[in-house]
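What follows is a short report on a single structure.
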Amino acid sequence: MKKTFVTKELVERIVKEYPTPFHIYDEKGIRENAKALKEAFAWNKGYKEFFAVKATPNPFLINILRDYGCGCDCSSMTELMLSHAMGVDGSDIMFSSNETPASEYAYAAEIGAIINLDDITHIDFLEKTLGYLPKTLSCRFNPGGYFALGTDIMDNPGDAKYGFTTEQMFEGFRILKERGVENFGIHSFLASNTVTNEYYPTLARQLFELAVQLKEQTGAHITFINLSGGVGVAYKPDQTPNDIKVIGEGVRKAYEEILVPAGMGDVAIYTELGRFMMAPYGNLVVQAIHAKHTYKEYIGVDACAVNLMRPAMYGAYHHITVLGKEEAPCDHKYDVVGSLCENNDKFAIDRMLPEIETGDYLAIHDTGAHGFAMGYNYNGKLKSAELLLHEDGSVEMIRRAETPQDYFRTFDCFAIYDKLFPEKK
Ligand SMILES: *Cc1c(COP(=O)(O)O)cnc(C)c1O
């Protein structure tokens, strides 16, 4: 049985102050996991996790990770602004963007972030934008074809828009070296949400072999290799979660077999995990407000895809616990649905659950990454609050819920805004 840190008692206590729906995060779980990651890679002197800010862009949560030495991986201007405003040092900010506007490169350079180029044409683009090239630069690698573990195809990099081809990596490193770049990084993200301890070690082996060749053929001084994101979580109850200790050891083995003999035993390993750092430690808590019996049995809840888009967008599975009914038999089949005028607004389809009555609270699991963050405002729906459950059991609001005023804010230079909010002139 898949468990969650959220209980009925906890929710009944919280709703006195913060109504459903809300996302709630578990500080204890976040800390234990971040510590385990740090220990798994402690063998590598320069190891650093740059948390993928896009997964959960909340400064309170990112600050917890900073206690374990984590930096920030950013993909946009506002993520860079957030990281900088939080006081994160430039050397702890990775800028792994694509189709990057000149203004974002300029700002990244200004705050001293490490720039990870997505394409060979961006070398000229960056140099033209800044008037120089930074001394440290990274290039994103895409080997094309399929990424497989044994006979299992994990993902399809050949169809992905990201990164330099193999040839472009060599050409790019030569050009960068000629133009004065001193420290080189290699980055690659080849498969998403992998639930296997083999992904990172297999990726690492490919990148380490490439790094040795790049060094030999271009003379580039490679200072870090960035394994990026992609280590997944067990969304489904029958999946076995990744063991980060085993993953760290697998990368170490490849490092000692390939990099150390090539005289590259000083290369730092970087990661840009998002999902693995946060997903299991967040839940979306909703209330059942309607039960509809037509051609199927529907439970209508007070949240919708605006609060959690993954099921609608990817058909993703998110486990659901009916709070207070953890031990009850799952003998009812439901579609658990939100209120959007879109028939894909379903948190679960044909899900076996205990009998649900209106008023019941439901915890939707594993929403701590790519959950709140993917929210949008379709149907004029507003985003929920985010709450943090501290280790001592207290609950802190770490982002308030959106209000209609937020929604209409971009009309604030028009008369309609003053009409809607005359008191806020
Ligand atoms: C999304 C993303 C990540 C994080 O991916 P997860 O699957 O959440 O670990 C890391 N790096 C880059 C460049 C990304 O785009």
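Once neighbouring chains are kept in place and the probe is 1.4 Å, which whole percent of the accessible area of the stretch 1-160 is contributed by carbon and sulfur? If you can, show how the numbers build up before the last one.
On the way: 3610 of 7160 Å².
Carbon and sulfur: 50 percent of the exposed surface of the stretch 1-160.
What residues have an amide H closer than 5 Å to that of V337, excluding those fewer than 5 places away on the same chain, when H is modeled at 1.01 Å from N in the peptide plane?
I299, G300, V301, F347
Run through every distinct alpha carbon pair of the stretch 27-277 and return the Kirkwood hydrodynamic radius in angstroms, one decimal place. It would help to have the intermediate numbers written out before the result.
Working: mean 1/r = 0.0547 Å⁻¹.
For the stretch 27-277, the Kirkwood estimate is 18.3 Å.
Nearest 5 is fine: what % of DSSP beta bridges in the chain come out antiparallel, could you say? Each step should come with its number before you reach the end.
Values: 28 of 64 bridges.
Antiparallel bridges make up about 45 percent of those DSSP assigns within the chain.
In nanometres, what is the gap between the two model label sites at K2 and E99, each 7 Å from Cα along Cα-to-Cβ?
Going from the K2 label point to the E99 one covers 3.2 nm.
Based on DSSP, what percent of beta bridges with both residues in the stretch 233-363 are antiparallel, to the nearest 5?
85 percent
Calculate the FRET efficiency for D266 and E39 from the Cβ-Cβ distance with a Förster distance of 30 Å, rounded to the nearest 0.05.
On the way: r = 21 Å, r/R0 = 0.70.
It comes to 0.90.
Compute the long axis of helix 244-254 from its Cα atoms, compare it with the longest principal axis of the Cα atoms of the chain, and write down the angle in degrees, 0 to 90, nearest 10.
Taking the Cα atoms of the chain, the angle to 244-254 is about 20 degrees.
Which order do the peptides 285-291, 253-259 take when ranked by the mean count of other beta-carbon atoms within 10 Å per residue, highest first?
Details: 285-291: 19.3, 253-259: 16.9.
Going from most to least packed, we get 285-291, 253-259.
Nearest 10 degrees, 0 to 90: what angle lies between the long axis of helix 27-40 and the longest principal axis of the chain (Cα atoms)?
Compared with the principal axis, the helix lies near 20 degrees.
Roll a 1.4 angstrom probe over the protein heavy atoms and tell me the percent of accessible area of the stretch 199-345 that is carbon or sulfur.
On the way: 3060 of 5970 Å².
C and S fraction of accessible area: 51 percent.
Apply 1/(1 + (r/R0)^6) to the Cβ-Cβ distance of M81 and A106, taking R0 = 22 Å, and write down the FRET efficiency to the nearest 0.05.
Numbers: r = 13 Å, r/R0 = 0.59.
Computed FRET efficiency for M81 and A106: 0.95.
Arranged from highest to lowest average of other beta-carbon atoms within 10 Å per residue, in what order do the peptides 1-9, 54-62 appear? Please list the in-between numbers first.
Values: 1-9: 15.0, 54-62: 21.2.
Per-residue mean Cβ counts within 10 Å order the peptides as 54-62, 1-9.
Binning every alpha carbon pair distance of the chain at 20 Å from zero, what are the percents per bin?
It works out to 24, 52, 22, 1, in whole percents.
For the chain, find the longest principal axis of its Cα atoms and tell me its angle to the long axis of helix 199-218, 0 to 90°, nearest 10.
30 degrees
Report, in whole Å, the centroid distance computed from the Cα atoms of the stretch 40-79 and the stretch 178-228.
19 Å
Please list the equivalent ellipsoid semi-axes of the stretch 280-408, computed as the square roots of five times the alpha-carbon gyration tensor eigenvalues, in descending order and whole angstrom. Mind dumping the intermediate values first?
Details: eigenvalues 108, 74, 34 Å².
Working from the Cα gyration tensor, I get semi-axes of 23, 19, 13 Å.
Where the centroid of each part is defined by its Cα atoms, how far is the stretch 359-425 from the stretch 253-312 in Å?
Between the Cα centre of the stretch 359-425 and that of the stretch 253-312, the gap is 20 Å.
If a paramagnetic tag sat 7 Å from the Cα of C330 along the Cα-Cβ line, which residues of the stretch 351-379 would have the backbone N under 11 Å from that point?
Inside the label zone: 351-354.
Considering only DSSP beta bridges where both residues belong to the stretch 27-277, give the percentage that are antiparallel (nearest 5). Show your work: numbers first, answer last.
Numbers: 3 of 31 bridges.
Here the share of antiparallel DSSP bridges comes out near 10 percent.
Quick one: compute the contact order of the chain, relative version, from alpha carbon pairs under 8 angstrom and 6+ residues apart, as a percent. All intermediate terms of the calculation are to be shown ahead of the outcome.
Working: 881 pairs, mean separation 78.1, N = 425.
Relative CO of the chain lands at 18 percent.
Accessible area per residue of the chain at 1.4 Å probe, in Å²?
Values: 19160 Å² over 425 residues.
Accessible area per residue, the chain: 45 Å².
Under 18 Å from the 7 Å Cα→Cβ point of D406, by amide nitrogen: which residues of the stretch 49-66?
Output list for this probe position: 54-62.
The values are calculated or read from the model by the stated rules, or taken from the named source; none is laboratory data. Because the structure is predicted, anything quoted here is derived from the model rather than measured. Positions of Cβ are generated from backbone atoms using ideal geometry, with glycine treated the same way; all protein chains shown enter the neighbour counts. Please note that ligands, DNA and RNA were not included when accessible areas were found on the heavy atoms of the full protein model with its side chains. Shrake-Rupley method; radii C 1.70, N 1.55, O 1.52, S 1.80 Å.
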